[in-house]
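Notes follow once the structure below has been shown.
What follows is calculated from the coordinates using simple rules that are stated; it is not laboratory data. Just so it is clear, the structure is predicted and the values come from calculations on it, not from any experiment. Neighbour counts run over all protein chains shown; Cβ positions are idealised from the backbone, glycine included.
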């Protein structure tokens, strides 16, 4: 009889507690972030990772993620070069557009940087890129920057 009572008590307790309605908060924001910033370890003392590329690489493609429901139209995302983390010279070491497009019904876009082959100068230069977003999509505070280190072979 005690076993039946214990079993009945357990079933009643589970039955009453399983019907509790939960109201979980939903996030309705829209962000963009660099995939490399999400999966790579940041530089010591900074919030961004560094990707090393040779000056002979040509084009570097960086994936940008949309953290939001996919949009039915193309989204143009602005980005900029951050002067404080950049020693590379625009037009001499690299060229880039300043905008990228996340296509309609997609969760990713591609930011393209053309690395100029400056020859055998030795050393390296850095290029710090930052996502700025647009009127409806903000940059992720933790994953909005990536630095490219462009190496140049010794003469």
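Observations, loosely collected:
- Rg then Dmax, both in Å and based on the Cα atoms of the chain: 24.5, 92.
- The sum of -39500 (n - 2.57) across all DSSP H runs of n ≥ 4, divided by the residue count of the chain, sets its helix-only mean residue ellipticity at 222 nm to -4000 deg cm²/dmol.
- Added length on full extension, which subtracts the Cα-Cα distance from 0.36 nm per residue, residue 154 to residue 106: 13.1 nm
- Placing pseudo-labels 7 Å out from each Cα toward the beta carbon at residue 132 and residue 1 gives an inter-label distance of 8.2 nm.
- Ranked 152, 120, criterion: other C-beta atoms within 10 Å, fewest first: 120, 152
- In this rough spin-label picture, where each label sits 7 Å from Cα along the Cβ direction, the residue 73-residue 43 distance is 3.8 nm.
- Sorted by Cβ density within 10 Å, fewest first, the residues 36, 23, 132, 93: 23, 132, 36, 93
- Most mobile listed residue (83, 13, 54) in the chain, GNM with C-alpha springs under 10 Å: 13
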